[in-house]
Every structure is written in C-alpha cells, then in structure tokens.
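Here is the structure we will look at.
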Amino acid sequence: MPITILIGAQWGDEGKGRVVDWLAAQADIVARYAGGDNAGHTVALDGEVYKLHLIPSGILHSNVVSIMGNGMVINPVNLVREIQALRRVGVEITPERLVISSRAHIITPAHVALDKANELALGDAKIGTTLRGIGPAYLDKTGRAGIRTGDMLLDVEEFAEGLIAAIELSNEDLRARALEPLDAQAAAQSYLEAADFLRPYIQDVSIYLYKALKAGKSVVCEGAQGTLLDIDHGSYPFVTSSSPTAGGALTGLGVGPLYVDRVLGVAKAFSTRVGGGPMPTELHGAIAEHFRGSGANFWDEFGTTTGRPRRCGWLDLVMLRYAVGVNGLSELMLTKMDILSGLDELKLATAYEIDGERHEYPPVTNEQLERAKPIYETMPGWREDISNCRSFGDLPAAAQAYIERVVELCDLPIDIVSVGPERDQLVMKTAAPATPVKLRNL
Ligand code: GDP
Ligand code: IMO
Ligand code: MG
C-alpha cells in the first residue's frame with residue numbers, strides 16, 4: 001500500500017482518528033494534509049482517550065513517522081501545547097517522529113480575532129466555525145499575504161518582523177470594523193518561543209515523502225473535516241476553507257496520484273453535523289437524543305474541539321453517494337454501528353424529493369437542498385448490544401441487513417464496521433479486509 005487516502009465521507013467527526021490509528025499499525029508514515037486545529041480526532045486506547053487536533057493520529061504508534069503537510073494551517077502555540085500534552089502522557093515526540101512542512105501556513109492571533117469578528121458580523125447567518133482562525137488564515141494564503149512555517153527557519157528578527165507586519169495588516173481590518181486591534185508585539189512573543197521549539201521539526205515534506213515512497217514506504221493520508229465541508233464540494237458557504245476530499249491529499253502533501261492505491265471513506269452509521277448549513281435528514285426529538293447521547297460518554301455527539309452538541313439524523317445515502325463520487329472511493333467503512341442498537345426501526349434516506357422530482361444526488365443549490373425532503377426506506381432495528389461482536393456473522397441479522405443495504409445503495413464494499421471506540425472494537429467481514437482494491441505497478 002504505497003498511499004492510502006482516508007477521508008471523512010460526511011460532515012466530519014466520522015471516526016477518522018480511530019480508523020487512522022488502526023491503519024497506522026500497517027503503515028510507515030501517517031500524514032495530515034488539510035485543516036488545522038479545527039479538527040478533533042479521538043483515539044481510545046486501553047482506557048486512555050487521546051484527542052488530537054493538529055498532530056496525526058499515527059503518533060500513538062512508536063514506529064510511525066507523523067507528517068503535517070503544506071495544506072495545513074498551523075497555530076504554532078497550540079501545536080507546542082499539543083506536543084507537550086502528549087509527552088506528559090508518555091508519547092515520544094522527536095524531529096525523527098514528527099515532520100512539519102515548511103510550506104504550511106501559520107495561523108496568527110489576528111486570524112483568530114478575525115474569525116470571531118466575521119462570525120459576529122454574520123449574526124444568525126453565521127457559519128458556526130470552530131473560531132480557530134481557519135478561514136482568515138486560508139484567505140491570507142490564497143491572497144499571498146500569509147506567513148509560513150518555513151519562515152520560522154529565518155533569523156528570529158526577520159520572522160518577528162514578518163509576523164508583526166502580518167498582525168498589523170489584520171489589525172487594519174479589525175479597526176475598520178470598530179473592533180479592538182491586537183498588541184502585535186505581545187502577540188508575536190509567544191510565537192517566537194513556539195518557533196524556537198518547532199524549528200528542528202520543519203523541512204520539505206514533499207521531497208521527504210517522495211524519497212520515502214521511492215524506498216517502498218507506505219503512507220496513510222489522514223483526512224480532516226469531511227467531504228461535505230470541502231471548500232469546493234461542500235454546501236458553500238457552510239464549509240471549511242480547505243480541501244478535505246481525496247484531491248486535497250495530493251496538493252496538501254505534494255505527492256503524485258500514481259502512488260495512491262486505496263481511497264477509504266469513513267462514514268458514521270447515522271449522520272451528524274456541527275455548525276450551520278443544510279442537513280436534510282436532521283432529526284429533533286427522541287431519536288436525535290438517542291444518537292447524540294447525554295454527554296456522559298466521551299464518544300457522545302459533542303464536538304471534540306468545541307464541545308458543541310452535534311446535530312444528528314438518519315444516514316443520508318444521497319450525500320454518501322456524492323462522497324463516493326467526489327473522492328473516487330474504493331471502499332467504505334461504517335463507524336458507531338453500536339449506537340444504532342435499541343431502536344425498533346431504522347431509516348435510510350435513499351433519495352430526495354424536491355418540487356415533485358426525485359434526486360439521487362444532491363441538488364445544485366443550497367436553496368434546493370434546504371427544501372429537499374428525504375425519501376426514506378425503513379428497515380428493522382435490533383436490541384442486542386453489539387459492542388463485543390468481532391465478525392460479521394456475530395452481528396444480529398438486522399444489523400447485517402442494514403450494512404448490506406448501504407453497500408447496495410452506495411455500490412461499494414464495506415468490509416469493516418466499528419462497534420465501539422476502542423482500537424479492537426472492529427467487525428471484519430472477511431479475514432483480510434485490508435487488501436487494496438487495486439494496486440498499480442510503479
Ligand atoms: P474524527 O474527527 O472523524 O476523528 O471523529 P471524532 O473523534 O471527532 O468523533 C468520533 C467519536 O466517536 C469519538 O469520540 C470516537 O471515540 C467515537 N467513536 C468512533 N468509532 C466509534 C464506534 O464504533 N462506536 C462508538 N460508540 N464510538 C465511536
Ligand atoms: P474533524 O477533523 C466537524 C466545521 C465547523 C463549521 C465549518 C467551518 O474533527 O472531523 P472552520 O472552523 O473550519 O472554519 O469551520 O466546518 N468543522 C468541523 N466539523 N468536524 C471537524 O473536524 C470540523 N472542522 C470544521 O463546525 O461548520
Ligand atoms: Mg472530530
């Protein structure tokens with residue numbers, strides 16, 4: 001497996017972190033390629049719960065190199081905090097184990113302030129961002145006004161000057177909106193300390209990966225966010241500002257498409273979304289509460305990064321089919337199947353009805369999407385606790401039928417489903433589910 005790309009097939013929080021952790025056991029390198037600390041990836045391991053925001057989920061495997069790609073936007077102060085928090089619980093992090101691209105963009109304190117200001121100005125029409133400065137940082141990147149991680153390799157004064165100039169530029173924006181500007185000197189100080197810490201970790205990731213791939217190493221690209229939050233392919237403007245889809249892995253790391261032999265989509269067995277924007281199968285009431293949980297368990301549907309309750313609904317096959325196409329998925333994996341236990345019946349949205357017409361794929365405009373009425377197919381539920389099942393045959397017949405129906409509706413294999421958050425809580429359909437669907441001769 002030269003490159004496996006793993007992407008979220010819904011609106012994020014599909015369980016990517018736990019799947020990457022599982023894939024990492026067979027990989028040499030795990031690489032994040034998009035987003036920043038808006039992501040929150042949870043890995044549960046022997047009773048310990050790790051919540052990763054910037055560092056790839058492969059870090060928990062001692063023989064894996066973790067890479068942060070050029071497609072990411074990085075808040076260096078938060079990254080240092082994350083490294084230190086992981087070290088405190090015994091995770092070894094060295095420049096040999098963590099490589100940061102010199103071409104990733106830096107999130108400044110001004111980006112964070114602007115993110116908040118933008119959301120405030122939008123009022124009821126707000127995106128519902130994670131307030132981590134993601135949008136403003138990508139705006140500066142594409143506007144060619146950003147500062148990059150590689151700039152931390154400059155001499156300290158030069159980096160400080162660039163940083164202060166960037167913050168002052170954003171301050172003009174804040175002043176224009178009658179908001180308090182930042183003290184650029186003070187804000188820069190903590191970044192200079194972070195730069196000192198991070199300097200040994202920074203290098204050219206694209207060349208690093210090229211050499212590794214040439215040497216036969218295997219790479220798992222860890223998607224953040226999800227297909228329906230993609231800047232191009234999501235329900236714009238209710239999206240993030242990067243490309244979480246499969247294409248983003250290539251540009252976000254600087255690797256070529258011919259090395260990719262597997263594109264694995266992860267979807268929850270139901271739908272969740274956090275933040276604003278259309279969600280045709282959203283539910284309110286008892287079933288939504290069942291999916292969300294009370295918040296007492298770490299896996300309940302409350303944001304890993306922001307703690308916000310996630311919106312919940314039935315599995316939406318229209319959106320999933322779209323994700324299959326946009327990413328060219330080779331297979332799908334379903335997570336949180338255990339949460340479906342205890343419901344009398346389950347619904348799958350197989351199509352939408354809009355103005356009397358049936359749609360198998362999402363409509364073109366958000367306005368139509370807001371009016372879309374899901375067409376449901378009802379399936380029997382099951383009562384049994386399935387969290388101890390480990391093979392497909394152990395699952396109740398109704399659970400097997402649910403998975404098989406998703407396979408039919410998406411026209412993709414599902415060989416693995418998860419039935420609990422722990423590393424080993426996986427149900428395998430076949431003895432060797434990880435076989436690549438196609439392997440090219442390179
Ligand atoms: P990510 O952003 O895609 O990595 O997902 P998050 O970590 O934000 O959210 C997924 C949540 O579901 C986490 O709390 C996981 O521990 C949890 N989780 C993942 N798979 C399963 C599963 O099969 N069953 C249960 N109950 N929880 C799961
Ligand atoms: P992981 O990687 C779920 C959502 C936000 C908001 C929109 C824009 O854990 O799946 P942003 O701060 O990126 O400008 O917010 O995107 N969002 C996520 N939702 N999981 C995530 O990451 C998300 N990252 C961003 O809620 O709707
Ligand atoms: Mg998450």
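Could you pull out the residue among 84, 10 that is open to solvent by less than 20 Å² (accessible area, probe 1.4 Å), outside any strand (DSSP E or B) and modelled with pLDDT of 95 or more?
Testing whether each residue is open to solvent by less than 20 Å² (accessible area, probe 1.4 Å), outside any strand (DSSP E or B) and modelled with pLDDT of 95 or more leaves just 10.
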_Let me spell it out: the conditions are (1) more than 11 Å from ligand 2 (Cβ to nearest atom); (2) open to solvent by less than 40 Å² (accessible area, probe 1.4 Å), and residue 143 meets all of them except one. Which number is the exception?_
(2)
*What do you reckon, is residue 336 on the phi < 0 side of the Ramachandran plot and open to solvent by less than 40 Å² (accessible area, probe 1.4 Å)?*
no
*asked:* Against the condition within 16 Å of ligand 1 (Cβ to nearest atom), hydrophobic (A, V, I, L, M, F, W, C), more than 26 Å from residue 427 (Cβ to Cβ) and surrounded by 24 or more Cβ atoms within 10 Å (Cβ to Cβ), how does residue 79 come out, does it pass?
replied: no
*When you look at residue 128, is it within 23 Å of the chain's Cα centre (by Cα) and over 26 Å from residue 206 (Cα atoms), yes or no?*
yes
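For segment 219-233, enumerate the residues that are surrounded by fewer than 24 Cβ atoms within 10 Å (Cβ to Cβ) and more than 16 Å from residue 136 (Cα to Cα). Talk me through it step by step, then tell me what you get.
Step one: of segment 219-233, the residues surrounded by fewer than 24 Cβ atoms within 10 Å (Cβ to Cβ) are 231-233.
Correct list: 232, 233.
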_Residues (closer than 26 Å to residue 318 by Cα, in contact with a strand residue (DSSP E or B) (Cβ under 9 Å, 6 or more places away or on another chain) and not aliphatic (A, V, I, L, M)) located in segment 383-416_ = 392, 402, 404, 405, 410, 413, 415
*Cβ-Cβ under 9 Å pairs, at least 6 apart or on other chains, segment 25-46 side more than 16 Å from residue 70 (Cβ to Cβ), far side of a type in the set (Phe, Trp, Tyr) and not in a loop (DSSP other than H, G, I, E, B)*: 41/50; 42/50; 43/50; 44/50
_Here's a check for you: in segment 28-62, which residue that is of a type in the set (S, T, N, Q) and at pLDDT 95 or above is least open to solvent (accessible area, probe 1.4 Å)?_
57
*Which condition number in (1) touching an Asp or Glu at 6+ places or on another chain (Cβ under 6 Å); (2) surrounded by fewer than 18 Cβ atoms within 10 Å (Cβ to Cβ) is the one that residue 419 fails?*
(2)
*Among residues of segment 276-303, those that are more than 16 Å from residue 339 (Cβ to Cβ) and within 16 Å of ligand 1 (Cβ to nearest atom), counted*: 1
*residue 19 versus (1) among the β-branched types (Val, Ile, Thr); (2) within 16 Å of ligand 3 (Cβ to nearest atom); (3) more than 16 Å from the chain's Cα centre (by Cα): which is the lone unmet condition?*
(3)
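I'm checking my understanding of the structure. Among residues of segment 372-394 that are touching a Phe, Trp or Tyr at 6+ places or on another chain (Cβ under 9 Å) and outside any loop (DSSP other than H, G, I, E, B), which one is surrounded by the most Cβ atoms within 10 Å (Cβ to Cβ)?
This residue is 374.
The values are calculated or read from the model by the stated rules, or taken from the named source; none is laboratory data. Model, not experiment: these values are computed from the prediction. Glycine gets a Cβ as well: all are built from the backbone with ideal geometry, and neighbour counts include every protein chain shown. Areas reflect the complete protein model, heavy atoms only, side chains present, ligands, DNA and RNA absent. Shrake-Rupley method; radii C 1.70, N 1.55, O 1.52, S 1.80 Å.
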